[in-house]
Every structure is written in C-alpha cells, then in structure tokens.
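Since the structure comes first, as structure tokens, the remarks are kept for the end.
The values are calculated or read from the model by the stated rules, or taken from the named source; none is laboratory data. Note that the structure is predicted; figures quoted are calculated from it, not measured. Methodologically, a virtual Cβ is constructed for each residue, glycine included, from the backbone with ideal geometry; neighbour enumeration extends over all protein chains shown.
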Amino acid sequence: MKLLISIICLVFTSALFSANALAVEVDSDQILQPGDIIYLSYPGEDEFNRDFEVDVKGRITLPEAGRIKVADKSLSSAIQLIQLSLSTAYRDISRLSVELKERNLMVQVMGYVKQPGMVRVPDNGNIQTAIELAGGLIPGAQLNQMQIQRKDSIEEFSYKSYLDSGDTTILPALQALDVIFVPASPLIGNVQMDFDAQTLQASGDASDQSKAIRVFGEVESAGKYTYEEGYTIIDAIMRAGGVTRYAGIEQIKVLSSGSPITFNLKQYLESGDENSLPTLTPGDTIFVPIKEEEIKTGSNMVYIMGEVFKPGAFEGKNDATLLDILANAGGPTRFADSRQIRILHANGEVTPFDLANYAEGASSAPVPVVTPGDAIFVPEKTDTNEASWLKVPPNRSIRIIGQVNNPGRFEWSDEMSLLDLLSHAEGPTGRADISDIKIMSKDENGIISPASFNLDRFLKVGGSINSLPTIRAGYTVVVPELPQDPSDNKAQWVRQDKDRSIYIMGSVGSPGRYMFNEDMGFLDILAAADGPTPEADLHEIRIVHRNGPTATTSIVNLSLYFETGDESLLKKVLPGDSIYIPARSREWLDKSANKMVRVIGAVNKPGRYSFNDDMSVLDLIAEAGGTTSSAYLDNIVVVNTSCCIDKASSFDLLSFVKDPKFEDLPVIRAGDTLFIADKSDSNWQIFMDGVTDIFKIVSVFAILAAI
C-alpha cells in the first residue's frame with residue numbers, strides 16, 4: 001500500500017514539474033555555482049518570496065526541506081530538485097516559481113588586503129573587482145607576484161603590468177572558489193610596523209641583494225636598486241633621484257668587479273658620447289663625491305645684483321659670458337625686468353642689454369662682453385597693470401580694436417596666435433561679428449593690406465591650428481560689429497558689406513537688407529524677415545542670384561515645399577542674392593493674358609485666375625467664388641482661344657449636377673474665357689440656344705464691351 005502511495009505521489013509530482021517548468025522563463029542550460037542568487041516565489045508562504053544564495057559548498061537552505069546541493073547542476077535540474085524536495089512538505093507546489101536572479105562568483109581573497117576572506121564577485125567582475133570587495137590592497141603589497149590558487153594549481157600574474165597598461169588579458173579569468181593571494185613586498189622586512197613607502201624607497205627598491213646596484217654619496221636617495229638589463233649609470237643615478245647641488249659630477253666613481261672607474265658626467269652631457277658610459281653589472285657600486293669648495297682669491301671678480309636668485313660675487317673666467325654669469329646666479333626671478341639689464345663696467349661705461357628680445361631671436365646685437373670688475377644689474381619690473389605704451393616699442397606690439405572687451409595695444413611674440421590675442425583682449429563682445437575679422441598687415445613700404453578670417457566657421461568646424469591667419473608685430477586686428485535690425489536702423493547699412501548681405505523684399509514682415517553667411521538657408525532668411533505676410537503668394541517666390549558671372553533667376557514654390565517636405569524645392573541662397581515674395585492680389589500684373597483664364601458674368605468674384613491642366617471648369621468656378629443666385633446655368637459658354645483655331649462651346653451645369661459625367665466637361669486651357677450669363681437678360685436663353693459659331697460669340701462680347 002505504501003509503495004502504491006509513493007508511486008502516485010511521484011506521478012503527481014512529475015506532472016506538477018512539467019506544468020511549472022512551462023511557467024519559468026529562464027535559460028535552463030545555465031550551470032549554477034557558489035555565489036549565485038536564486039529567487040523563490042511561493043504565494044501565501046512567508047518563508048519564501050525572497051533570495052536564496054548558493055553557499056561555498058554549493059548548497060541552498062530551503063524552508064522545511066533543509067540544505068540541498070544545486071551547484072554544478074543546470075538551472076532546469078536545480079528547479080526539479082527544489083520542487084521534489086519541497087513536495088514532501090508542501091501539498092501544492094504548482095504555485096512555486098523559481099528563477100536565477102543574479103550570477104556571482106564566490107572567491108576568497110587572502111594576503112595583503114584590508115579585509116581578507118570570502119567575497120561575492122559579479123559574474124562580469126575580475127580580479128580587481130575581487131580585491132576592491134576585500135577592502136583594497138594594504139600598503140606594502142607585492143603587485144608583480146600575485147597568485148591564483150585553483151584546486152591543486154597555482155598561477156602567478158603581474159597585477160602591476162595590468163595597472164600600467166590597462167590590458168585586462170593580463171588578469172586570469174576568475175572561477176568559482178578561486179583563491180587570490182596577495183604577497184607582501186620584501187621591503188617591509190620581518191618586523192610588523194607601519195608601512196612608510198617614502199622611507200623604504202629612500203633606501204632603494206632591491207629585493208635581491210646579489211642583483212642590486214648600490215648608489216651613494218651626493219644623490220637625493222642613496223640606496224640599493226634593482227638591476228635591469230641594459231641599465232646605464234645615468235639610469236642608476238636617476239633612479240636614486242639625481243645628484244645634489246653639491247655633487248662633484250666630474251669625479252663619479254664606479255666600482256665594478258673590484259676595479260674603480262672614474263666617470264665624468266659633465267663631459268658626457270656636453271658631448272653625448274655613449275662610449276664614455278661605463279658598463280654596469282649586478283653588484284656594482286656607484287659613488288658621487290662632494291664638490292670641493294674653491295677658494296676665491298685675487299680681484300678677478302664679477303658682481304651681479306638685483307632680481308636674480310643668487311646675487312653676489314663670482315670669479316670671472318676668460319671665456320665666461322654674460323649668459324654664463326646669469327646662469328650661475330640662478331637666472332632672473334619672475335619679478336625681473338629682463339629687457340632693462342645694465343652692465344656697469346669698471347671704467348664707468350654703462351651697456352644696456354635686452355635679454356627677452358635676444359631670447360626671442362629678434363635682436364642681432366651681440367651679447368655684451370663682461371670683464372673682471374664689472375657689475376651686472378637686473379632691475380625689478382614695474383607694475384604690469386600700469387598703462388604705458390612707451391614700455392612696448394611699436395616693432396614689438398600689436399593693436400586690436402572693435403568689438404572686444406579690452407581693446408588696446410599689447411606686446412606681441414611670434415609664438416602667439418590670433419586666439420592668444422583675443423584671449424588677452426578678454427574675448428569678443430556679444431555684438432562682435434567673428435565671421436569677418438579683419439587682419440590689417442603692413443609691408444616694408446608701409447602699405448596696409450586687409451585680409452579677412454572667419455573665426456565663427458573655425459570654431460564650429462575646427463581645423464588645423466596652422467589655418468589661423470599669420471600675425472606679426474605691427475599688425476592691427478579689427479573685430480567688426482554685427483549689423484543692427486534693418487527695420488529700425490538703416491544707417492547701419494553703410495558699414496555692412498553688400499557681398500555678405502541678402503536683400504529680401506515684397507510680402508514679408510520686415511523687408512530689408514540682412515547680413516548672412518553661406519551656412520544660412522532659405523528658411524533662415526525668411527525667418528529673419530519675420531516670415532511671409534498673409535497676402536504673400538508662396539507659389540512663385542522669385543530669387544535673383546548674383547554670385548555667378550551673370551545674374552540668374554529661379555522660382556521657389558514654398559507652398560509645395562510645406563505640403564511635401566521636399567528639400568530639393570528650396571534653392572541655395574548665397575550672400576549677395578535678392579528674394580522677392582509677390583502678393584496674391586497682384587498676380588495678374590505679373591502674368592501675361594495667355595497664361596491666365598478669365599471668368600466673367602454671374603459669378604461672385606469675376607476676374608483672371610491661374611489655371612493648369614489638372615484643373616477643370618468646376619475648379620475655375622469655385623476659384624471665382626461660385627455662381628450668383630441669378631446665374632443662367634443651363635448654357636455656360638467656354639471660349640477657347642488658346643489652341644490652333646478659335647471656337648466656343650457651351651455646358652449645361654444643371655444637367656451635369658443631375659447626371660455627373662466628367663467626360664462631358666469642356667476642356668479649358670490657359671488663355672480661355674468662361675462666361676456665365678444672368679437670367680435678368682431678357683430672351684437670353686432663346687438667343688444663346690441659337691449661337692453656333694465663334695463669330696457670333698465675338699459679336700456678343702463686342703456689344704458687352706461697348707455697354
């Protein structure tokens with residue numbers, strides 16, 4: 001009996017499994033691993049409707065069912081196992097829903113990290129993610145010898161190389177239950193203490209004594225440093241922070257294999273001879289001695305004072321120049337007026353020297369000769385905010401005028417550009433026309449030549465910095481003002497270039513003369529002129545193009561553009577062109593009679609109308625406002641004068657309304673006349689029934705014209 005009940009339960013459970021499997025919309029082939037999050041939804045049961053994490057042993061703990069192992073199983077197999085386990089404690093598990101909520105990896109991070117232990121890494125995470133989840137590295141961690149311990153294998157990798165290059169392929173891919181081990185650097189020693197990177201690095205970075213190079217003496221950071229293949233003495237000294245100001249660089253000693261070698265660093269720096277560099281091997285020692293103080297004797301002295309870093313008395317040498325003495329004194333300070341240096345000779349003469357001009361290569365004067373007993377004076381520069389044009393000669397200045405916030409005369413250097421000048425002038429104002437900046441250059445004969453530059457296009461499109469106009473000292477830069485509104489300031493047109501203007505006239509809100517560039521389109525111009533008026537005829541807008549050898553005209557159907565959105569209907573308008581928008585009420589003045597159709601007689605709006613082949617006599621009557629109440633509709637007359645022979649035909653509009661046959665409508669072409677008689681004309685119907693040819697109709701029109 002028990003066996004039968006078990007079989008029935010198993011069959012019932014299997015059926016439930018099948019029904020529930022259809023409700024779970026997940027990838028059934030995914031393999032579960034420690035760290036994954038499974039969400040169980042079971043309405044009405046408080047123990048469910050929450051997340052269940054797969055622990056490090058690959059298990060989840062279910063209410064009433066206890067721990068079950070789901071790791072290394074596919075998601076579909078795990079769902080069946082969960083349902084089978086819960087079926088013994090819950091009667092109806094058809095309401096149970098299982099889904100994989102998160103994919104994670106359980107990874108253990110050990111060694112020199114702030115919070116060693118097990119961490120849960122997202123499925124797309126890497127070793128750096130795991131280290132950050134463990135609190136990050138502790139100062140003193142060895143970055144180039146980290147390990148991945150996976151079951152019985154150990155894989156080393158260089159975390160330092162990843163941090164240097166950003167190449168993620170350097171980092172091994174993580175797997176569930178991996179162990180990341182961060183070793184300690186040999187620099188921290190065998191005694192636990194606070195890590196002081198600066199102090200430890202000051203004594204070198206070598207971890208292997210047999211491969212270390214010892215550097216001591218007059219260097220910034222004496223110590224033992226790791227030897228690398230191809231190392232030179234220059235590399236070793238730079239690794240030790242370089243030499244001090246007291247170093248005797250002409251007598252550097254290198255002890256290699258027990259044999260001392262003298263190296264002259266100054267001579268190498270002057271000659272660049274690579275053959276003078278001694279060969280280094282692991283275990284060598286480099287000593288940089290202190291420079292012996294020289295005793296100053298005699299009167300062979302040169303004095304330097306003023307705004308230099310080390311004013312004082314220096315012993316002069318026969319080949320020492322003014323620049324050598326300035327360099328030995330530390331050079332001018334930032335407060336020095338290097339254009340006003342004075343050499344006070346022992347004989348009482350004074351020689352001026354412009355160091356800034358000489359450094360720019362603008363001066364052909366030689367450097368003054370300094371002899372023992374001379375004094376060099378570097379004065380302090382005056383307040384730079386003091387306005388004085390006399391301080392900058394014209395051959396080293398440039399002028400900028402017009403629409404800039406700080407126009408004036410500024411000192412110029414050839415390494416500057418137009419952008420530097422505008423920045424120094426505090427930039428263009430809001431009214432500046434930066435699309436037509438004028439560069440006024442002057443040749444050797446004093447002839448002024450203007451050139452234009454479109455800074456607006458350069459800022460929008462970009463380009464090479466070499467495309468900026470060349471500016472030299474003595475030039476004048478003019479930033480013009482944008483034109484005022486043409487509707488209220490016609491005087492501004494005098495300064496507006498006609499070659500950069502577009503004329504718009506006719507039925508627009510604000511006709512006038514507008515400044516535009518080639519980037520503006522037809523609609524931009526209409527919008528600037530406040531758009532067409534209600535009386536404007538948008539079908540035949542005329543444009544006069546004047547940018548070619550001869551003027552040409554084109555017609556734009558703006559109404560058709562708004563109906564179709566076809567951009568090809570809009571013509572290209574360039575500066576210098578003219579746009580005319582006619583009024584609809586004036587159309588008959590612009591078109592000849594053979595391009596219009598006349599409607600006369602008993603209609604509400606008799607007159608001349610435009611007509612094309614797509615229209616019919618009904619469209620024409622509707623355009624004329626329809627017939628009057630006294631119109632004689634039985635015999636409407638159409639006079640055709642547009643083709644090879646003149647003729648007339650009649651049309652019964654009342655019969656057409658009762659029995660519409662469009663093939664019976666008379667053909668109308670441009671140049672024809674449509675006449676609708678009035679019933680008040682006595683005997684008109686009888687008379688018109690007898691009209692058969694064009695000559696009688698012409699006679700009738702002659703009579704009407706006489707009346």
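Would it be correct to say that Ser507 is among the small types (Gly, Ala, Ser) and either under 30 Å from Ile434 (Cα atoms) or touching a residue at least 12 places away in the same chain (Cβ under 8 Å) (or both)? So Ser507 fits the description; yes. Here the stretch 56-65 is the region considered, the condition is being free of Cβ contacts under 8 Å to residues at least 40 places away in the same chain and either part of a loop (DSSP other than H, G, I, E, B) or basic (Lys, Arg) (or both), and the residue that is farthest from Ile82 (Cα to Cα) is Lys57.
Any residue that is in contact with a strand residue (DSSP E or B) (Cβ under 9 Å, 6 or more places away or on another chain), at pLDDT 85 or above and under 14 Å from Ile668 (Cβ atoms) - is there at least one of those in the stretch 572-583? Within the stretch 572-583 (the criterion being in contact with a strand residue (DSSP E or B) (Cβ under 9 Å, 6 or more places away or on another chain), at pLDDT 85 or above and under 14 Å from Ile668 (Cβ atoms)), the answer is no, since none of the residues qualifies. Counting the residues of the stretch 349-380 that are part of a loop (DSSP other than H, G, I, E, B), among the hydrophobic types (A, V, I, L, M, F, W, C) and at pLDDT 85 or above gives 3. Listed conditions (1) surrounded by 14 or more Cβ atoms within 10 Å (Cβ to Cβ); (2) at pLDDT below 85; (3) of a type in the set (Gly, Ala, Ser); (4) closer than 30 Å to Tyr609 by Cβ are all met by Ser507, apart from (2). Among the residues here, Ser649 qualifies as in a strand (DSSP E or B), among the hydroxyl-bearing types (Ser, Thr, Tyr) and either in the same structural domain as Leu674 (by TED's automatic domain parsing) or surrounded by 14 or more Cβ atoms within 10 Å (Cβ to Cβ) (or both).
Look at Asp678 and say whether it is of a type outside the set (A, V, I, L, M, F, W, C), farther than 22 Å from Ser610 by Cα, modelled with pLDDT of 80 or more and touching a Leu at 6+ places or on another chain (Cβ under 9 Å).
Values: of a type outside the set (A, V, I, L, M, F, W, C): yes; farther than 22 Å from Ser610 by Cα: yes; modelled with pLDDT of 80 or more: yes; touching a Leu at 6+ places or on another chain (Cβ under 9 Å): no.
When the stated conditions are applied, Asp678 does not pass them.
Here Gly111 passes the criteria (1) without any contact (Cβ under 8 Å) to a residue 60 or more places away in the chain; (2) closer than 22 Å to Ala173 by Cα; (3) in contact with a Phe, Trp or Tyr (Cβ under 7 Å, 6 or more places away or on another chain) except the one numbered (1). Scanning the stretch 119-135 for residues that are over 17 Å from Ala173 (Cα atoms) and either of a type in the set (A, V, I, L, M, F, W, C) or surrounded by 17 or more Cβ atoms within 10 Å (Cβ to Cβ) (or both) turns up just one, Ala134. Hey, among the residues in the stretch 10-49 that are in a loop (DSSP other than H, G, I, E, B) and at pLDDT below 75, which one's nearest to Asp178 (Cα to Cα)? Among those that are in a loop (DSSP other than H, G, I, E, B) and at pLDDT below 75, it is Asp29. In the stretch 157-207, of all residues being modelled with pLDDT of 90 or more and assigned to a strand (DSSP E or B), the one that is nearest to the chain's Cα centre (by Cα) corresponds to Phe157. Of all residues in the stretch 342-363, those satisfying the criterion of being of a type outside the set (Phe, Trp, Tyr) and under 47 Å from the mean Cα position of the chain (by Cα) are Asp354, Leu355, Ala356, Asn357, Ala359, Glu360, Gly361, Ala362, Ser363. For Tyr225, the criteria (1) of a type outside the set (A, V, I, L, M, F, W, C); (2) within 52 Å of the chain's Cα centre (by Cα); (3) at pLDDT 85 or above hold in every case but one, which is (3). For Ile180, indicate whether it is crowded, with 17+ Cβ neighbours inside 10 Å and in contact (Cβ under 8 Å) with a residue 40 or more places away in the chain. Considered against the rule, which asks whether it is crowded, with 17+ Cβ neighbours inside 10 Å and in contact (Cβ under 8 Å) with a residue 40 or more places away in the chain, Ile180 comes out as yes. Does the stretch 81-96 include one or more residues that are of a type in the set (A, V, I, L, M) and within 44 Å of the chain's Cα centre (by Cα)? No: zero hits. State yes or no: is Arg95 touching a residue at least 40 places away in the same chain (Cβ under 8 Å), among the basic types (Lys, Arg), surrounded by fewer than 16 Cβ atoms within 10 Å (Cβ to Cβ) and assigned to a loop (DSSP other than H, G, I, E, B)? So Arg95 fits the description; yes.
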